[in-house]
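Working notes, structure below.
The values are calculated or read from the model by the stated rules, or taken from the named source; none is laboratory data. Since the model is a prediction, treat every value here as computed from it, not as a measurement. When we count neighbours, we look across all protein chains shown, and the Cβ atoms used for this are built from the backbone with ideal geometry, even at glycine.
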Amino acid sequence: MPLRRGTIVSTGVVIGDAVVLDTEETRVPRRMVPVDQVPHELTVLEHAFEAATRDIAAERERFAARAGTELADIFGFHERWLSDPKARKEIGLLVTEKHYSAAYATSVFMRRYRRRFQEMGSPFLQERARDILDIERRLLHQVSGETRHELTELDEPVIIVAHDLTPSQLVTLEQTKRLLGFATDAGGPTSHTAIIAAGLGIPAVVGLENITSHVSSGDTLVIDGLHGVVIINPNKSQRAEYTAQAAHLQEIRVTLDELRDLHAETKDGVRVRLLGNIEFPYEVNECLAKGATGIGLFRTEFLFMQEGSPPTEEEQYKAYCDAVDAVGDHPLVIRTMDLGGDKCCGPSGTWEHEKNPFLGLRSIRYSLQNLSIFRPQLRAIVRASANGDVQIMFPLVSRIMELRQAKFVLSLVMEELEEEGYEFCGKMPVGAMVETPAAAICARELARETDFLSIGTNDLIQYTLAVDRTNERVAQLYTPADPSILRLIRGVIKDGRREEVAVSLCGEMAGDPLFTILLVGMGLRTLSMAAGNIPRVKKIIRSINLTDAERVKRRVLSFETEREVLNYLRDETRKVWGDI
Ligand code: PEP
Ligand code: MG
């Protein structure tokens with residue numbers, strides 16, 4: 001029973017029979033048309049765009065009825081793309097100038113266009129290639145009139161194994177009500193397919209590299225979306241174990257849903273604020289639905305990682321206002337763009353190559369050197385502060401001077417907006433992320449000049465342990481449980497307390513239930529995490545006493561190794577909530 005490891009995009013456990021999807025893409029013959037047929041081909045093309053647009057709109061509507069308009073907005077990318085005349089024009093030119101058939105011209109253009117996305121440095125943009133493929137298939141279906149029925153012809157509930165799945169394929173499969181889960185060779189956690197899977201609660205593991213060559217249709221598969229593992233043809237005891245776990249998880253899900261409107265409060269009455277992390281405004285609702293009482297991290301750089309040039313001030317203002325409106329009376333912490341490292345923007349090849357991008361012109365450093373991009377962002381954030389409880393946060397601060405410079409630019413922007421007659425909150429809280437060892441060591445100084453600090457453990461771990469967070473070859477060395485990390489976190493919390501400045505934590509560690517008791521014991525009262533993690537973390541908080549959590553913290557801080565920390569935390573967590 002071989003086991004393959006991949007990336008979790010949607011938690012949950014499922015066991016069932018596999019169906020391996022045909023990985024062949026539609027092959028379009030190279031076909032030229034006589035000159036007098038060119039107008040006909042152009043009409044075919046025009047109709048194809050119109051029909052694909054109608055298809056997408058209908059798909060969005062059906063999906064919205066099933067999963068809510070926010071999730072269905074994912075198809076907005078397709079709609080915007082199809083309505084942009086540029087692509088239509090370029091495909092049309094291939095028909096008029098090269099006399100390609102409408103189908104061949106579409107296929108040539110779409111493949112080139114998709115390849116550009118695939119070659120981009122940013123994983124986020126690479127994954128947009130999947131949306132492009134989706135559009136390509138729809139257009140080709142329209143121009144060639146071919147239909148692919150296989151997705152809807154499932155008789156039994158199955159686990160789909162594919163090289164990759166586009167958002168449309170996933171939605172089509174989901175509508176058959178026969179989709180138990182899926183596993184793919186390609187894909188990553190930020191793809192739209194992943195977002196849809198998580199939103200629908202479909203267990204999935206992606207990025208398995210070559211799962212399609214190891215599985216045949218009819219094999220039994222376990223998708224262990226808790227550990228990012230796929231087991232092919234499990235033995236009897238594994239089947240029994242996973243069947244029980246799937247049932248247990250289902251029970252837990254029901255119990256967790258019931259917690260939604262209850263406070264995250266320990267048994268002895270200590271309240272912890274659980275906030276959501278988002279990349280796009282439409283995710284706010286999902287966070288609130290899971291019980292978040294605000295947004296603790298809006299990763300605005302994702303707005304800059306879409307196609308083309310950076311978003312304008314107005315476009316950003318709209319995005320921030322959308323998020324403020326959705327969050328209502330709750331706080332919305334907008335982090336200024338954290339570009340660089342693994343998150344680059346702009347057309348392919350325009351982001352300057354760096355030997356060590358994580359140690360290079362990243363985040364606040366990039367912003368301070370690119371005021372023509374930074375200032376419009378600050379203006380948009382400040383303007384949005386007129387509408388709600390907006391707070392601003394600067395990422396990757398590694399020295400006090402950076403914080404001072406960023407605050408200085410912010411003050412200039414505020415003066416400017418005041419002169420221009422804009423309304424905004426003059427007392428908008430200003431925070432800094434603590435995600436470098438330098439910031440953690442000098443947290444007290446940072447606290448003196450901020451309204452709040454937020455510990456970004458994702459980066460703090462990579463910089464402290466010298467482990468690239470994106471390099472799978474050293475992934476086993478990347479851990480929040482290393483004593484050095486825990487001591488840095490403890491130090492920041494103490495420094496914040498001394499300066500009476502609130503300290504929160506917004507790295508992935510905040511959403512890992514294994515660390516909840518420890519973080520509460522260490523004194524954290526605000527944790528910000530991906531929406532899906534909120535219920536489990538809340539459940540643990542509601543099952544503990546502060547005194548117990550403080551005892552756990554003392555013990556954990558006495559350990560010398562990561563292994564001791566993890567074993568102990570596993571035992572303590574199991575005591576309050578069995579195996580999670
Ligand atoms: C972090 O580093 O912990 C963090 C929250 O920021 P990001 O993951 O966006 O780098
Ligand atoms: Mg970070």
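The residue list Met509, Met522 contains one member that is of a type in the set (A, V, I, L, M) and at pLDDT below 95, which is Met509.
Inside segment 193-240, can you point out the residues that are among the polar types (S, T, N, Q) and touching a helix residue (DSSP H, G or I) at 6+ places or on another chain (Cβ under 7 Å)?
Keep residues of segment 193-240 that are among the polar types (S, T, N, Q), which gives 193, 210, 212-213, 216-217, 220, 233, 235, 237-238.
Thr193 - this is the single residue of segment 193-240 that is among the polar types (S, T, N, Q) and touching a helix residue (DSSP H, G or I) at 6+ places or on another chain (Cβ under 7 Å).
Residues of segment 367-384 that are surrounded by 22 or more Cβ atoms within 10 Å (Cβ to Cβ) and among the hydroxyl-bearing types (Ser, Thr, Tyr): Ser367 alone.
Just one of (1) free of Cβ contacts under 8 Å to residues at least 40 places away in the same chain; (2) outside the structural domain of Gly181 (by TED's automatic domain parsing); (3) at negative phi fails for Ile278. It is (1).
Scanning segment 324-341 for residues that are in contact with a Pro (Cβ under 6 Å, 6 or more places away or on another chain) and touching a residue at least 60 places away in the same chain (Cβ under 8 Å) yields one hit, Arg335. Helices (runs of 4 or more DSSP H) fully within segment 1-113 that include at least 1 residues being over 33 Å from the mean Cα position of the chain (by Cα) and at pLDDT 85 or above: 38-67, 85-98.
Screening segment 461-483 for residues that are away from ligand 1 (no atom under 12 Å from the Cβ), in a helix (DSSP H, G or I) and of a type outside the set (Val, Ile, Thr) and picking the one that is nearest to Leu514 (Cα to Cα) gives Pro483.
The number of residues in segment 357-389 that are within 16 Å of ligand 2 (Cβ to nearest atom) and on the phi < 0 side of the Ramachandran plot comes to 10.
What number of residues within segment 26-64 are touching a residue at least 60 places away in the same chain (Cβ under 8 Å) and surrounded by 15 or more Cβ atoms within 10 Å (Cβ to Cβ)?
Final tally of qualifying residues: 15.
Any residue in segment 510-525 that is more than 30 Å from Glu283 (Cα to Cα), in the same structural domain as Gly296 (by TED's automatic domain parsing) and surrounded by fewer than 23 Cβ atoms within 10 Å (Cβ to Cβ)? No, because not a single residue in segment 510-525 is more than 30 Å from Glu283 (Cα to Cα), in the same structural domain as Gly296 (by TED's automatic domain parsing) and surrounded by fewer than 23 Cβ atoms within 10 Å (Cβ to Cβ). Residues that are closer than 23 Å to Ala198 by Cβ and of a type in the set (Asp, Glu) were ranked within segment 264-297; the one that is nearest to ligand 2 (Cβ to nearest atom) is Glu279.
Taken over segment 282-313, residues that are part of a loop (DSSP other than H, G, I, E, B) and either in the same structural domain as Trp81 (by TED's automatic domain parsing) or not acidic (Asp, Glu) (or both) amount to 13.
Please work out if Val430 is crowded, with 21+ Cβ neighbours inside 10 Å and either more than 30 Å from Pro480 (Cβ to Cβ) or away from ligand 1 (no atom under 16 Å from the Cβ) (or both). Answer is no for this residue.
Here segment 390-420 is the region considered, the condition is being in a helix (DSSP H, G or I) and either modelled with pLDDT under 95 or within 16 Å of ligand 2 (Cβ to nearest atom) (or both), and the residue that is surrounded by the fewest Cβ atoms within 10 Å (Cβ to Cβ) is Glu402.
Hey, any hits in segment 494-506 for a residue that's within 16 Å of ligand 2 (Cβ to nearest atom) and of a type in the set (S, T, N, Q)? Among the residues of segment 494-506, at least one is within 16 Å of ligand 2 (Cβ to nearest atom) and of a type in the set (S, T, N, Q), which makes the answer yes. Here is the figure for segment 421-460: residues that are within 16 Å of ligand 2 (Cβ to nearest atom) and either in a helix (DSSP H, G or I) or free of Cβ contacts under 8 Å to residues at least 24 places away in the same chain (or both) total 10. Taking (1) within 15 Å of ligand 1 (Cβ to nearest atom); (2) modelled with pLDDT under 95 in turn, Val284 satisfies each apart from (1). If only residues of segment 488-533 that are within 13 Å of ligand 1 (Cβ to nearest atom) and among the β-branched types (Val, Ile, Thr) are counted, the one that is nearest to the chain's Cα centre (by Cα) is Ile489. Only one of the listed residues (Lys267, Lys318) is at pLDDT 90 or above, surrounded by fewer than 16 Cβ atoms within 10 Å (Cβ to Cβ), outside any loop (DSSP other than H, G, I, E, B) and of a type in the set (Lys, Arg). That residue is Lys318. If I filter segment 337-348 for residues that are assigned by TED's automatic domain parsing to the domain that holds Arg469, at pLDDT 90 or above and not in a loop (DSSP other than H, G, I, E, B), do I get at least one hit? No.
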